[in-house]
Amino acid sequence: MTTASAEVEAQKQAAAERALELVKPGTIVGLGTGSTARYFIEGLAARVRHGLTVQAVVTSRESRALAEAGGIPITDRADGSLDLAVDGADEIDPAVNCVKGRGGALLREKIVAHASRRFVLIADESKLVGRLGRGPVPIEVLPFLWQATGRSIESLGGRPELRMAPGGPFKTDNGNLVLDTSFGTVDAALGVALHAIPGVIEHGLFFGMARAAIVGSGTGLRVLGELP
Ligand code: 5RP
């Protein structure tokens, strides 16, 4: 690992460690997906081994495997409200809106974030942007006539590209496709317009959902928004 990438990993881990302080015993915690969320899951597993009682809802097969390996009890029911969800992000703006889904788990991530009383982002400082839209917005679409769905997305000013994996199109845990779509600039109204397209299952714009972002930086932790 280069010094630069070690520094990024240290930032991710420091953010995850701070988020772990928000976990209350006896609650249901939403576990995100990705390399930053992984530090949170591993840290939670360590606390569970030391006697912390929590249940977790997972946002992907990847997170399920990590949680299971760490001995974190998993539930697929959210009869009580989820207390806290902690997840990474691809871009975070100063108002703690974000773009998510470059790991392909955006649908379940958004369901869990929406169902949680407190949704907190964790990230390294490379994820901070002045304005969302630096990179593409992942959009999960039904495979049926996905090209037509793509044309509807183009009519909103997007340039969709089908996400590929080795051996063919990338499939989400839900069996759907992802169109990584550059828009230039994005806003909450775009999210509403995307939802109106039949065939769009969900998009990676998370406006007004996170209460705070804990961001590792070269000079220590930064908190955007208010830690709940
Ligand atoms: C997965 C996501 C991830 O949280 C996002 O891509 C950030 O990942 P990482 O922490 O690996 O940079 O949205 O769908």
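Points worth noting:
- Of the strands (runs of 3 or more DSSP E) lying entirely inside the range 1-92, the ones with 3 or more residues being touching a residue at least 40 places away in the same chain (Cβ under 8 Å) are found at 28-31, 82-87.
- Any chance Arg77 is surrounded by fewer than 20 Cβ atoms within 10 Å (Cβ to Cβ), basic (Lys, Arg) and away from the ligand (no atom under 15 Å from the Cβ): yes
- As a summary of the residue check, Lys127 satisfies the conditions (1) open to solvent by 10 Å² or more (accessible area, probe 1.4 Å); (2) in contact with a His (Cβ under 8 Å, 6 or more places away or on another chain) except for the one numbered (2).
- The lone exception for Arg118 - which of (1) in contact with a strand residue (DSSP E or B) (Cβ under 7 Å, 6 or more places away or on another chain); (2) among the charged types (D, E, K, R); (3) under 20 Å from Thr172 (Cα atoms) it fails: (3)
Here is a yes/no grid of residues against (1) assigned to a loop (DSSP other than H, G, I, E, B); (2) assigned by TED's automatic domain parsing to the domain that holds Asp90:
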| position | (1), (2) |
| --- | --- |
| Thr172 | yes, no |
| Gly175 | yes, no |
| Asp180 | no, no |
| Val186 | yes, no |
| Ala189 | no, no |
| Ala193 | no, no |
| Pro198 | yes, no |
| Ala213 | no, yes |
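- Scanning the range 110-135 for residues that are away from the ligand (no atom under 11 Å from the Cβ), assigned to a helix (DSSP H, G or I) and hydrophobic (A, V, I, L, M, F, W, C) turns up Ile111, Val112, Ala115.
The values are calculated or read from the model by the stated rules, or taken from the named source; none is laboratory data. Remember, it's a predicted structure, so these values are computed and weren't measured experimentally. Glycine gets a Cβ as well: all are built from the backbone with ideal geometry, and neighbour counts include every protein chain shown. With ligands, DNA and RNA removed, areas are computed over all heavy atoms of the protein, side chains included. Shrake-Rupley method; radii C 1.70, N 1.55, O 1.52, S 1.80 Å.
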